[in-house]
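Since the structure comes first, as structure tokens, the remarks are kept for the end.
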Amino acid sequence: MKNTSVETARFHSLSELNEKCAELIIACADEAIDKRGGFSLVLSGGTTPQSLYTLLATPMIRRRLNWQKIHFFWGDERCVPADHPASNFKMADDALLSKISVPQTQIHRMKGELEPRAGALDYEKIIKDTALLCNHPGTAENLPTFDLVLLGLGNDGHTASLFPGSEALDEKERLVCAVPAPAAEPAVPRLTLTLPVLNNARNVWFIAAGSHKGAIAEAIWSQNNSQGYPAAQIRPHKNLRWFVTL
Ligand code: 6PG
């Protein structure tokens, strides 16, 4: 990691982690909106971030975010319909999006209902067509730049839907890949952002709860990636933060 700043923070509880994360999201959004007129936020799937999204929707917090200037994206999605219990979109919609006034045109979900390869191509076009992500001074011309990417960590060290041994880990050109059903539940095909676009983000934050994930995080921090954890390949050019519970 060239000049990446890596910050790690340990919390006694997920609610304590969420409170800190919410404050930093507010600060990150304010800066992006001030500098570029908008904030692009990539949501993580899974269960860990659900309570953070619920916190962001509470009156105390939601009134501190300018939702009219925020664009929502996903780091990965299960290839299921948007109303399916396993949908990462549905989780975020139930916890947050349905409770705030954000323009529907600013909610850019991955279409899990499409044939996976078509879904990957569709999302790649959505990203490329979002002006907020492209052509800012100092960013790579051919790569979109997200302001903030939230990522989870699997018990096998996967992140987004980049699983150990996946061919998607070797993708150097595509922004979005379709990946076959993993061993991890739910065992359905997935769509995932790829390492080039994840590592081009201004900020990448991992949120991981539990001692087993904490141990994986420690191994990654120590750069002892003998296990070949995919999450260790997240090396953004700028800011990387880890929020873990003890
Ligand atoms: C997904 C996620 C995945 C998740 C980890 C952790 O679609 O499942 O994007 O990468 O973040 O598997 O999931 P939990 O938070 O449920 O442990």
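The values are calculated or read from the model by the stated rules, or taken from the named source; none is laboratory data. These figures come from a predicted structure and were not determined experimentally. No Cβ is skipped: glycine too gets one built from the backbone with ideal geometry, and neighbour counts run over all protein chains shown.
With respect to residue 26, determine if the residue is modelled with pLDDT of 95 or more, under 29 Å from residue 196 (Cβ atoms) and touching a helix residue (DSSP H, G or I) at 6+ places or on another chain (Cβ under 8 Å).
Details: modelled with pLDDT of 95 or more: yes; under 29 Å from residue 196 (Cβ atoms): yes; touching a helix residue (DSSP H, G or I) at 6+ places or on another chain (Cβ under 8 Å): yes.
Yes: the conditions hold for residue 26.
Out of the stretch 188-213, which residues are in contact with a strand residue (DSSP E or B) (Cβ under 9 Å, 6 or more places away or on another chain) and free of Cβ contacts under 8 Å to residues at least 40 places away in the same chain?
The initial filter retains those residues of the stretch 188-213 that are in contact with a strand residue (DSSP E or B) (Cβ under 9 Å, 6 or more places away or on another chain), namely 188-195, 197-198, 201-211, 213.
Scanning the stretch 188-213 gives 194, 195, 210, 211.
If you scan the stretch 147-197, which residues turn out to be near the ligand (Cβ under 9 Å from one of its atoms), more than 14 Å from the chain's Cα centre (by Cα) and not in a loop (DSSP other than H, G, I, E, B)?
The one that is near the ligand (Cβ under 9 Å from one of its atoms), more than 14 Å from the chain's Cα centre (by Cα) and not in a loop (DSSP other than H, G, I, E, B): 190.
Take the stretch 67-92 and flag every residue that is away from the ligand (no atom under 13 Å from the Cβ) and under 15 Å from the mean Cα position of the chain (by Cα).
The answer is 70, 71, 72.
Here's the yes/no breakdown for (1) within 16 Å of the ligand (Cβ to nearest atom); (2) surrounded by fewer than 17 Cβ atoms within 10 Å (Cβ to Cβ):
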site	(1), (2)
8	no, yes
14	yes, no
25	no, no
30	no, yes
33	no, no
37	no, yes
61	no, no
